[in-house]
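The values are calculated or read from the model by the stated rules, or taken from the named source; none is laboratory data. What you see is a predicted model, and the numbers here were worked out from it, not measured in a lab. Here the Cβ positions follow ideal geometry from the backbone for every residue, glycine too, while neighbour counts run over all protein chains shown.
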Amino acid sequence: MDSRVHLPAAVAPLPLAQLHSLVENRTVFALNDFELNIFETHQAAQRVPLRLAGLALTTMLRGKKVMHLPGRPAFDYLPGESVVVGENERMEIDFPDACACRPTQCLAVAIAPDTVRRTVDLLNERYPRAEAHAPWALAGPGHAHFTNTPELTGTLERLLAVSRTDDAAKDVLAGFALQELLVRLMQTQARQLIFQDYARHLTSHRFAGVVQYIRQHLAENLSVDKLSALACMSKATFFRVFKREFGLTPVEYIIRERLGEAKRLLRQPLANVADVCLRAGFNNLSHFQSLFKKYEGVTPGAYKKQLLT
């Protein structure tokens, strides 16, 4: 099932800078705990090397890159996506489509290792995850490339805004935003790990079993009582820890899964909106239409018409 809901999760492109170089022109904002870089490329290029000090979260704003990272196949890198690059890890980047009329633009936040460590230690001490054997940590290379969540995008936009101001308290405000960014990043990686690959973790993570049950019973009534029992938690603890781990509540997750199933069903030529509503687990047509428009920006009927044009 394609359960991804196409939310508006891309950071808005920035005004283009005054260029010093046509390839990876760099604008830097240096703060106490991190360095924020904006890279622009205005001509096609291949295998451009880049290395950033500290762990780096990069996010595409415009255009397309092809990323080459050690030990993994090359991949396309597009707006609305992020890549986590290890400390001093060498990247090699292709810009197949870049030109003056179609530049690439990428945001890169290079974070001091001690800052990452302090945030992770604080989370593990005060806000432990559901499984003691899987404490808070930034995921490894297999989970370094992902689609941004709206929550991660919002935090990136706030960090970008405060980094570019002249506020006297800029470093303090940026420090708070950076801590939130690290939390959102780990939550996003946790979603990728459990929501997209739950079958591999059924014996090691209680929420993997919950996700499997939700996927298998989307069209049925999914009560939080039942889900919390599957997780061997009280209802209140389940709700709190699920949101802490993934950045959204169980109910929000169910809605997103049902909308993803509705989109899959709407792609079938003979499907009608009322039938899709019921088959995706919504029991009220107007509520379904309202939620669909909220997340997708169009009604289910308009979405289906777009598929036919």
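Quick one: in the range 121-176, which of the residues that are among the charged types (D, E, K, R) and over 27 Å from T249 (Cβ atoms) is surrounded by the most Cβ atoms within 10 Å (Cβ to Cβ)?
From the range 121-176, those among the charged types (D, E, K, R) are 121, 125-126, 129, 131, 151, 157-158, 164, 166-167, 170-171; that's our starting set.
Filter once more, keeping what is over 27 Å from T249 (Cβ atoms): 164, 166-167, 170-171.
Details: R164: 14, D166: 5, D167: 11, K170: 16, D171: 14.
Looking at residues that are among the charged types (D, E, K, R) and over 27 Å from T249 (Cβ atoms), I get K170.
In the range 166-220, which residue that is among the acidic types (D, E) and out of contact with any Leu (no Cβ under 7 Å at 6 or more places or on another chain) is farthest from A132 (Cα to Cα)? Talk me through it step by step, then tell me what you get.
Of all residues in the range 166-220, those among the acidic types (D, E) come to 166-167, 171, 180, 197, 220.
From what is left, the residues that are out of contact with any Leu (no Cβ under 7 Å at 6 or more places or on another chain) are 166, 180, 197, 220.
Working: D166: 42, E180: 22, D197: 20, E220: 32 Å.
Here the residue is D166.
Within the range 123-145, is even one residue touching a residue at least 12 places away in the same chain (Cβ under 8 Å), touching a strand residue (DSSP E or B) at 6+ places or on another chain (Cβ under 7 Å) and aromatic (F, W, Y)?
no
Please enumerate the residues belonging to the range 198-213 that are among the β-branched types (V, I, T) and crowded, with 18+ Cβ neighbours inside 10 Å. Lay out the reasoning, then the answer.
Taking the range 198-213 as the starting set, the residues that turn out to be among the β-branched types (V, I, T) are 203, 210-211.
Residues satisfying the conditions are V210, V211.
Working only within the range 177-197, note down all residues that are farther than 20 Å from E252 by Cβ and hydroxyl-bearing (S, T, Y).
Hits for the range 177-197: nothing passes.
Go through (1) touching a helix residue (DSSP H, G or I) at 6+ places or on another chain (Cβ under 9 Å); (2) in a helix (DSSP H, G or I) one by one and return the number of the condition E125 breaks.
(1)
Mind checking which residues of the range 70-115 are surrounded by 20 or more Cβ atoms within 10 Å (Cβ to Cβ) and either in a loop (DSSP other than H, G, I, E, B) or not assigned by TED's automatic domain parsing to the domain that holds M186 (or both)?
Selection gives A98, P103.
Show the residue pairs meeting these rules: Cβ distance below 7 Å; 6+ apart or different chains; first residue within the range 60-78 and at positive phi and modelled with pLDDT of 95 or more; second residue surrounded by 19 or more Cβ atoms within 10 Å (Cβ to Cβ) and of a type in the set (S, T, N, Q).
G63/T104; G63/Q105
Take E180 and tell me if it is out of contact with any strand residue (DSSP E or B) (no Cβ under 6 Å at 6 or more places or on another chain), acidic (D, E) and surrounded by 13 or more Cβ atoms within 10 Å (Cβ to Cβ). Even if it seems obvious, please write down each step before you answer.
On the way: out of contact with any strand residue (DSSP E or B) (no Cβ under 6 Å at 6 or more places or on another chain): yes; acidic (D, E): yes; surrounded by 13 or more Cβ atoms within 10 Å (Cβ to Cβ): yes.
So E180 fits the description; yes.
Regarding the range 192-200, can at least one residue be identified that is under 29 Å from V210 (Cα atoms), among the aliphatic types (A, V, I, L, M) and more than 19 Å from the chain's Cα centre (by Cα)? Break it down into steps so the answer makes sense when it comes.
In the first step, residues of the range 192-200 are kept if they are under 29 Å from V210 (Cα atoms); the result is 192-200.
This time we only want the ones that are among the aliphatic types (A, V, I, L, M), so: 193-194, 199.
The next check asks that each one be more than 19 Å from the chain's Cα centre (by Cα); those that pass are 199.
Yes, the range 192-200 contains a residue that is under 29 Å from V210 (Cα atoms), among the aliphatic types (A, V, I, L, M) and more than 19 Å from the chain's Cα centre (by Cα).
Among the residues of the range 25-69 satisfying the criterion of being under 26 Å from D114 (Cβ atoms) and among the basic types (K, R), which is surrounded by the most Cβ atoms within 10 Å (Cβ to Cβ)?
If we take residues in the range 25-69 being under 26 Å from D114 (Cβ atoms) and among the basic types (K, R), then R26 is surrounded by the most Cβ atoms within 10 Å (Cβ to Cβ).
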